[in-house]
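Structure record follows, encoded as structure tokens.
Just so it is clear, none of the values below were taken in a lab; they were calculated from the coordinates. Note that the structure is predicted; figures quoted are calculated from it, not measured. When we count neighbours, we look across all protein chains shown, and the Cβ atoms used for this are built from the backbone with ideal geometry, even at glycine.
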Amino acid sequence: MASLVGTTDNPLRVAIIGSGPSAFYAAEHLQKQRDMTIIIDMFERLPTPFGLVRGGVAPDHQKIKSVTKVYERIAEQPGFRFFGNVTFGKDIVYNDLAERYHAIIYAVGTQTDRRMDIPGEDLPGSHAATEFVGWYNAHPDYHDRTFDLSGKRVAVIGNGNVAMDVIRILARTEDELHSTDIADYALEALSNSGIKTLYLLGRRGPAQGKFTPPELKELQDMAGADIVVSPDEIKLDPLSEKYIQSGEDRAAVRNLELLTHYAQNPTDTKPKKIVMRFLVSPVEVLGTGQVEAIRLVKNEICEKEHMLRPCPTDEFEILPVDLVFRSIGYHGVPLPGVPFNEKTGTIRNDHGRVTDDSGTYRTGEYAVGWIKRGPSGIIGTNKPDAQETVTLLLEDVGAGRLLAPAHSEIESLLAERGIRFVTYDDWRLLDQLEQTWGDAVGRPRVKFYQVEDMLHALADHADILNPQLSS
């Protein structure tokens, strides 16, 4: 008779697909079950862990990246293993995992941008913000992208924190960028940028901005960019005025205070200008062979289904620009064989339990993070989200609603398929190399940006990872 799942003789085996914050928080909550023996194997398609903390958080936000110290402690716990450079759906598939694990947690995030679906969106010079963010963060998927930064005017569509990141990185001085871990090729390109005017275009009003007050406040400390906010742009309509006066959204109140401060205290002393616009939506990107302008419609705030929403008017304007970045939200990408909701861009699930199209639970499959709930919240939001999912997983352990693995070995399968997986010790070496290179030039780190280079570096330092090979 088989022993209970979660005992020393029959450990609970959990595969986590992805290695961003939600993946590590799920692992952490599993590790807190002191009365259970649990083995956690984390699979990541890149050789490097930490997801958007490494590849998405802006390089000038080094303090935010320090959260990886928490993830390092999680990775050091007994029963945890990291398998980098392993792609789900290619190197391993669902059946491989179902034969080796009691449960599978999908923590892959949302990897693409939502489209604007307007004419001219694909003109040269019109880009998704995710591509630009990945490019300046040395993400291997985007290191070979090119962005023509020779023009003087750029528009960033959206007014969330990612849009703020894009604006800020474009407006930073060379000295400001040099003190970050921005990709070395991006540092060079941005240092030679011709951009002078940066428009941040939001379809909602100033009371509905999605950026957080710290992101907005940070703009006033830019060494090379003035903030331009017209008093007319932040006049509130009656519905927004009522919303602000209610005090129910303290972030919105603080944002309006900051915007009012910028409008009342204009400066004109720096080489670049960040112009904040509200209640405008792009309806067409204009240009012959490349971006030359965008056509905007003026919006007004109206109430629909008890929500304040931007509604288009019959007023339009043409804004000359040389470059456009859309930052109107992230969208998930389907995983092979995993139920997916195209509309929401998420894995079909009920509070974290994966469901099929009819709503029936899929045994032993779970989702966490943005691929579960959509792209919302900050890094810390993923912690309670992951805890919710893992709590359901543990309920299913008690009820016997798990997969029934016949094998317990994954390394041999990967070896048979010729997959050079990257361990957490491997990652520590890559991390050390990046920081050493950074020290040499006075930067936090100089990042690898190609998978091949990472694997070559590990091969070159095999004697460090495996001292017995050099004896």
(request) Kindly identify segment 229-340 as rounded, prolate or oblate by the Cα gyration tensor criterion: order the square roots of the eigenvalues as a ≥ b ≥ c, call it rounded if a/c is under 1.5, otherwise compare a/b with b/c, prolate if a/b is larger, else oblate. (result) oblate
(message) Using only Cα atoms and rounding to the nearest 10 degrees, what angle (0 to 90) does helix 21-31 make with the longest principal axis of the chain?
(response) 30
(message) Tell me the angle of helix 382-399 to the major Cα principal axis of the chain, expressed in degrees between 0 and 90 and rounded to the nearest ten.
(response) 30
(message) Only sites in a loop by DSSP and with at most 16 other Cβ atoms within 10 Å count here; which trypsin sites (Lys or Arg not before Pro) in segment 67-103 make the cut?
(response) K90
(request) Treat every Asp and Glu Cβ in segment 112-330 as -1 and every Lys and Arg Cβ as +1, leave all other atoms uncharged, and give the resulting dipole magnitude about the Cα centre to the nearest 20 debye. (result) 420
(message) If I model a spin label at V283 and K32 as a point 7 Å from the Cα along the Cα→Cβ vector, what separation in nanometres do I get?
(response) 5.1
(message) I'd like the orientation of helix 161-171 relative to the chain: the angle between its Cα long axis and the longest Cα principal axis, in ° from 0 to 90, rounded to 10.
(response) 60
(message) Could you tell me the calculated FRET efficiency between I464 and E305, based on Cβ-Cβ distance and R0 = 60 angstrom, to the nearest 0.05?
(response) 0.50
(request) Can you figure out the FRET efficiency of N341 with T269, using R₀ = 51 Å and their beta-carbon distance, to the nearest 0.05? (result) 0.55
(request) State, to one decimal in nm, how far the label point of D356 lies from the label point of T173, with both points 7 Å from Cα in the Cβ direction. (result) 6.2
(request) Before rounding to the nearest 500, sum -39500 (n - 2.57) across all DSSP H runs of length at least 4 in the chain and divide by the residue total; then give [θ] at 222 nm in deg cm²/dmol. (result) -9000 deg cm²/dmol
(request) Find the centroid of the Cα atoms in segment 190-223 and in segment 233-290, then give the distance between the two in whole Å. (result) 9
